[in-house]
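Engineer: Handing you this structure, nothing more for now.
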Amino acid sequence: QVQFLESGGGLVQPGGSLTLSCTTSGTIFRRNGMGWYRQAPGKQRESVAGFTSEGSVLYEDSVKGRFTVSRDNAKNTIYLQMNSLKPDDTAVYYCNTYPAASRFWGQGTQVTVSS
């Protein structure tokens, strides 16, 4: 079974920063693009940013210039550096294969942006 383990969420004030981490199996990490998704209360899950299997890096318009996705292939880990956080960024953040997510989802990590 595919597993994703997200961490790094928390409560942060508007304008603050957080870095999220996600690990998965080496097989999944090497064979697929990997990316981040989020689901805000009452909304559908949406993609945020990620690496395609061809190596391109994509960002949703709402996070361009504020979020940076990176990866450590030796650790089978991807990261999401989030700067200039806004209340609208409040959501549970998940990682998965990208840009097409698998049907397996981890627990996610909660990010709350509030003063």
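The values are calculated or read from the model by the stated rules, or taken from the named source; none is laboratory data. It should be emphasised that the depicted structure is a prediction, and the values quoted were computed from it without experimental measurement. Note that each Cβ is placed from the backbone with ideal geometry, even for glycine, and that neighbours are counted across all protein chains shown. Calculation scope for accessible area: heavy atoms of the full protein, side chains included, ligands and nucleic acids excluded. Shrake-Rupley method; radii C 1.70, N 1.55, O 1.52, S 1.80 Å.
Engineer: Return the residues of the range 25-44 that are modelled with pLDDT of 95 or more, more than 11 Å from the chain's Cα centre (by Cα) and surrounded by 16 or more Cβ atoms within 10 Å (Cβ to Cβ); say none if nothing qualifies.
Structural biologist: Answer for the range 25-44, where residues must be modelled with pLDDT of 95 or more, more than 11 Å from the chain's Cα centre (by Cα) and surrounded by 16 or more Cβ atoms within 10 Å (Cβ to Cβ): just 33.
Engineer: Could I ask something else about it? Scan the range 50-57 and give yes if some residue there is open to solvent by 30 Å² or more (accessible area, probe 1.4 Å) and either touching a residue at least 24 places away in the same chain (Cβ under 8 Å) or under 14 Å from the mean Cα position of the chain (by Cα) (or both), otherwise no.
Structural biologist: Step one: filter the range 50-57 for residues open to solvent by 30 Å² or more (accessible area, probe 1.4 Å), giving 53-57.
Imposing the further condition that a residue be either touching a residue at least 24 places away in the same chain (Cβ under 8 Å) or under 14 Å from the mean Cα position of the chain (by Cα) (or both) reduces the set to 57.
Within the range 50-57, one or more residues are open to solvent by 30 Å² or more (accessible area, probe 1.4 Å) and either touching a residue at least 24 places away in the same chain (Cβ under 8 Å) or under 14 Å from the mean Cα position of the chain (by Cα) (or both).
The rows are residues; the columns are (1) in a strand (DSSP E or B); (2) without any contact (Cβ under 8 Å) to a residue 12 or more places away in the chain; (3) of a type outside the set (Asp, Glu).
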{"residue": "6", "(1), (2), (3)": "yes, no, no"}
{"residue": "16", "(1), (2), (3)": "no, no, yes"}
{"residue": "20", "(1), (2), (3)": "yes, no, yes"}
{"residue": "36", "(1), (2), (3)": "yes, no, yes"}
{"residue": "42", "(1), (2), (3)": "no, yes, yes"}
{"residue": "62", "(1), (2), (3)": "no, no, yes"}
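Engineer: If I go through the range 82-113 residue by residue, how many of them are open to solvent by 60 Å² or more (accessible area, probe 1.4 Å), among the polar types (S, T, N, Q) and either modelled with pLDDT under 95 or in contact with a Pro (Cβ under 8 Å, 6 or more places away or on another chain) (or both)?
Structural biologist: Number satisfying all stated conditions: 0.
Engineer: Here is a further query. Quick check, is residue 105 of a type outside the set (Ser, Thr, Tyr) and within 14 Å of residue 9 (Cα to Cα)?
Structural biologist: Numbers: of a type outside the set (Ser, Thr, Tyr): yes; within 14 Å of residue 9 (Cα to Cα): no.
It is false that residue 105 is of a type outside the set (Ser, Thr, Tyr) and within 14 Å of residue 9 (Cα to Cα).
Engineer: A further question on this structure: Considering every residue within the range 60-81, establish whether at least one is among the basic types (Lys, Arg), at negative phi and either open to solvent by less than 60 Å² (accessible area, probe 1.4 Å) or in contact with a Lys or Arg (Cβ under 9 Å, 6 or more places away or on another chain) (or both). Explain how you work it out, then say what you get.
Structural biologist: Filtering the range 60-81 for residues among the basic types (Lys, Arg) gives 64, 66, 71, 75.
So of that shortlist, the ones also at negative phi come out as 64, 66, 71, 75.
From what's left, either open to solvent by less than 60 Å² (accessible area, probe 1.4 Å) or in contact with a Lys or Arg (Cβ under 9 Å, 6 or more places away or on another chain) (or both): 66.
Looking through the range 60-81, at least one residue is among the basic types (Lys, Arg), at negative phi and either open to solvent by less than 60 Å² (accessible area, probe 1.4 Å) or in contact with a Lys or Arg (Cβ under 9 Å, 6 or more places away or on another chain) (or both).
Engineer: If the requirement is being farther than 18 Å from residue 3 by Cβ, in a strand (DSSP E or B) and under 12 Å from the mean Cα position of the chain (by Cα), which of these qualifies: 92, 69? Explain how you work it out, then say what you get.
Structural biologist: Working: 92 fails: farther than 18 Å from residue 3 by Cβ.
After applying the criteria, what remains is 69.
Engineer: Is it the case that residue 47 is in contact with a strand residue (DSSP E or B) (Cβ under 7 Å, 6 or more places away or on another chain) and surrounded by fewer than 14 Cβ atoms within 10 Å (Cβ to Cβ)?
Structural biologist: Working: in contact with a strand residue (DSSP E or B) (Cβ under 7 Å, 6 or more places away or on another chain): yes; surrounded by fewer than 14 Cβ atoms within 10 Å (Cβ to Cβ): no.
No, not satisfied.
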